[in-house]
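A.B. asks: What follows is a single structure, and I will ask about it in a moment.
The values are calculated or read from the model by the stated rules, or taken from the named source; none is laboratory data. Keep in mind that this is a model prediction, so the values were computed, not measured. No Cβ is skipped: glycine too gets one built from the backbone with ideal geometry, and neighbour counts run over all protein chains shown.
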Amino acid sequence: MGGANKSPDGAKRLDMAEEEDKEEKEARAPARETVLITGGAGYFGFRLGCSLSLKGVDVVLFDASESPPELPEGVRFVRGDVRFPCEVEQALRGVTCIFHVASFGMSGREQLSRKRIEAVNVGGTRNVLRAAREAGVPRLVYTSTYNVVFGGQVVHSGDESLPYLPLHLHPDHYSRTKAQAEMEVLGANGTPLRGAGRGVLHTCALRPAGIYGPGEQRHLPRIVRYVERGWFRFVYGDPKSQVDFVHVDNLVQAHILAAEALGPSKAHRAAGQAYFISDGRPVNNFEFFQPLVEGLGYPFPTLRLPLSLIYFFAFLTEMLHLAVRHLYNFQPLLTRTEVYKTGVTHYFSPEKAKRELGYEPRQYSLEDAVQWFRSHGHGRRVGSNAASKHWLWCTAVLLALAVAVVLSWLPRA
């Protein structure tokens, strides 16, 4: 019975032994990983950060925009711009992997801002690569685009053996600069990190198709806005043309797998490689969006116009924007690149990503996006004819502007 009571000294020694055992276990435990996501406040970057945090990874969202309103546990926001090297360098302290997502000029009037596109996409990428080597960050996953090999030509089930499109043949600044940046990212693979014995930088590039999903903030809202204003009255191009799309969660999966495949546990198998990422279901562009339009209560247009006519209209729109952008920086309905991307067949095989990364795209639909828009007050209201009136007014204005541009090119007496 007496042996059941421990002496004060014995209890103290037991506590010390337990504390030492705890410290020893903590020392043996692997350090918690910290990743940095450039463009982390954007739709995809934030979604990626949230997914990584659920896996027990510390996440730094680096972005020139405002912080997302609610940050999950393990996620912090750093305000910064990839165009400024010192801001990138400060954000990389303690980071073990970079997801370089930040870019500019993907769609709309952004595509026409050449200087900023080059500063962000090329200059910013160089800053990130330089800072990664200086900070000793061993892994970098670059979010690229289909556009590095596509410039309006027909592509059926293309793969990574396709060469880059020559830079001078790219129809827009975004595609050209993304190709330049991807070349530099993959060219940096294997370069030594600063400091003796720090190893080398391992890089890879993921080339996603058009991204969709609930809450997507770039493409889907623009389409819904056109539909609600009554501008979506026709489709164009060959009804048999096909393009790719990728759900945001499939793209998140691909990025996480790519980061793992850059590490030693996967023998750095993704190092120096590029991968096309899609849902693996080529579809006609307008057929893909039909459930969204009809799900919001609007009729899907039956009028189909020639691709060449829409391309010419986009060309006129770009020329008009160039002429008046300092007075009125309007949003073009379509740019020439957007006409190519939506109306010309180009789809690529994700087999390499499946084989080397273990990528397994799940099948999604636009139903979750429809529900998201409805929950945010979108959808047709019975008896409303405002969209029809707006369509007539905008059509008249656009026709007048197009005539003015054409007349400006005629020889003067």
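A.B. asks: Quick one: would you say LYS341 is of a type in the set (Lys, Arg) and under 22 Å from HIS170 (Cα atoms)?
C.D. replies: Values: of a type in the set (Lys, Arg): yes; under 22 Å from HIS170 (Cα atoms): yes.
In short, yes.
A.B. asks: A follow-up question, please. Hey, does the stretch 308-331 have a residue that's under 26 Å from PRO214 (Cα atoms) and either in contact with a strand residue (DSSP E or B) (Cβ under 7 Å, 6 or more places away or on another chain) or modelled with pLDDT under 95 (or both)?
C.D. replies: So the first thing to find is which residues in the stretch 308-331 are under 26 Å from PRO214 (Cα atoms), and the list is 331.
Still in the running and either in contact with a strand residue (DSSP E or B) (Cβ under 7 Å, 6 or more places away or on another chain) or modelled with pLDDT under 95 (or both): 331.
Yes, the conditions are met somewhere in the stretch 308-331.
A.B. asks: Condition first: assigned to a loop (DSSP other than H, G, I, E, B) and surrounded by 15 or more Cβ atoms within 10 Å (Cβ to Cβ). Now tell me which residues in the stretch 187-228 satisfy that.
C.D. replies: If we filter the stretch 187-228 for residues that are assigned to a loop (DSSP other than H, G, I, E, B), which is where we start, we get 188-191, 193-199, 201, 209, 213-218.
Those that are assigned to a loop (DSSP other than H, G, I, E, B) and surrounded by 15 or more Cβ atoms within 10 Å (Cβ to Cβ): ALA188, ASN189, LEU193, LEU201, ALA209, GLY213, PRO214, GLY215, GLU216, ARG218.
A.B. asks: Right, next: Find the helices (runs of 4 or more DSSP H) located wholly in the stretch 297-377 whose residues include 3 or more that are without any contact (Cβ under 8 Å) to a residue 60 or more places away in the chain, and list them. Don't jump to the end; show me each part of the working.
C.D. replies: Working: elements: 307-324, 336-343, 351-357, 367-375.
Answer list for the stretch 297-377: 307-324.
Condition check ((1) of a type in the set (Phe, Trp, Tyr); (2) within 30 Å of VAL35 (Cβ to Cβ); (3) at pLDDT below 95; (4) touching a Ser or Thr at 6+ places or on another chain (Cβ under 7 Å)) across all residues:
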site: ARG225; (1), (2), (3), (4): no, no, yes, no
site: SER241; (1), (2), (3), (4): no, no, no, yes
site: SER278; (1), (2), (3), (4): no, yes, no, no
site: ARG281; (1), (2), (3), (4): no, yes, no, no
site: THR302; (1), (2), (3), (4): no, no, yes, no
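A.B. asks: Scan the stretch 313-353 for residues that are touching an Asp or Glu at 6+ places or on another chain (Cβ under 7 Å) and surrounded by 20 or more Cβ atoms within 10 Å (Cβ to Cβ) and jot them down.
C.D. replies: THR335, ARG336, THR337, TYR347, PHE348
A.B. asks: Applying the selection to the stretch 140-176, what residues are of a type in the set (Phe, Trp, Tyr) and assigned to a strand (DSSP E or B)? Working first, answer last.
C.D. replies: Here is the first cut: in the stretch 140-176, the ones of a type in the set (Phe, Trp, Tyr) are 142, 146, 150, 164, 174.
Of everything in the stretch 140-176, just one residue is of a type in the set (Phe, Trp, Tyr) and assigned to a strand (DSSP E or B), namely TYR142.
A.B. asks: Among what's in the stretch 265-296 and is among the hydrophobic types (A, V, I, L, M, F, W, C), assigned to a loop (DSSP other than H, G, I, E, B) and in contact (Cβ under 8 Å) with a residue 24 or more places away in the chain, pick the residue that is nearest to GLY358 (Cα to Cα). Show your work before the answer.
C.D. replies: Going residue by residue through the stretch 265-296, those that are among the hydrophobic types (A, V, I, L, M, F, W, C) are 267, 270-271, 274, 276-277, 283, 286, 288-289, 292-293, 296.
With assigned to a loop (DSSP other than H, G, I, E, B) added as a condition, the list becomes 267, 270-271, 296.
Next, from what is left, pick out any that are in contact (Cβ under 8 Å) with a residue 24 or more places away in the chain: 270-271, 296.
Numbers: ALA270: 11, ALA271: 15, LEU296: 36 Å.
Among those residues, the one meeting the criterion is ALA270.
A.B. asks: Out of the residues in the stretch 131-155 that are of a type in the set (Ser, Thr, Tyr) and out of contact with any Cys (no Cβ under 9 Å at 6 or more places or on another chain), which is surrounded by the most Cβ atoms within 10 Å (Cβ to Cβ)?
C.D. replies: Taking the candidates together, the pick is THR143.
A.B. asks: Does GLU287 satisfy the condition of being under 22 Å from LEU52 (Cα atoms), surrounded by fewer than 22 Cβ atoms within 10 Å (Cβ to Cβ) and acidic (Asp, Glu)?
C.D. replies: Working: under 22 Å from LEU52 (Cα atoms): no; surrounded by fewer than 22 Cβ atoms within 10 Å (Cβ to Cβ): yes; acidic (Asp, Glu): yes.
Against the criterion (under 22 Å from LEU52 (Cα atoms), surrounded by fewer than 22 Cβ atoms within 10 Å (Cβ to Cβ) and acidic (Asp, Glu)), GLU287 does not qualify.
A.B. asks: I need every pair where a residue in the stretch 119-143 that is at positive phi has its Cβ under 6 Å from the Cβ of a residue that is in a helix (DSSP H, G or I), sequence separation at least 6 or different chains.
C.D. replies: Going by the 6 Å Cβ cut-off, there are no qualifying pairs.
A.B. asks: Let me ask another. Can you confirm whether ALA259 is aliphatic (A, V, I, L, M), in contact with a Cys (Cβ under 6 Å, 6 or more places away or on another chain) and in a helix (DSSP H, G or I)? Let's see the steps before the verdict.
C.D. replies: On the way: aliphatic (A, V, I, L, M): yes; in contact with a Cys (Cβ under 6 Å, 6 or more places away or on another chain): yes; in a helix (DSSP H, G or I): yes.
The answer is yes for ALA259.
A.B. asks: So, in the stretch 48-95, exactly how many residues are closer than 19 Å to GLN217 by Cα and surrounded by fewer than 20 Cβ atoms within 10 Å (Cβ to Cβ)? Walk me through it before giving the result.
C.D. replies: Filtering the stretch 48-95 down to residues closer than 19 Å to GLN217 by Cα leaves 48-51, 61-71.
From what is left, the residues that are surrounded by fewer than 20 Cβ atoms within 10 Å (Cβ to Cβ) are 50-51, 64-71.
Final tally of qualifying residues: 10.
A.B. asks: I'd like the full set of residues that are under 23 Å from PRO350 (Cα atoms) and among the aromatic types (Phe, Trp, Tyr), limited to the stretch 186-235.
C.D. replies: Residue satisfying the conditions is TYR212 alone.
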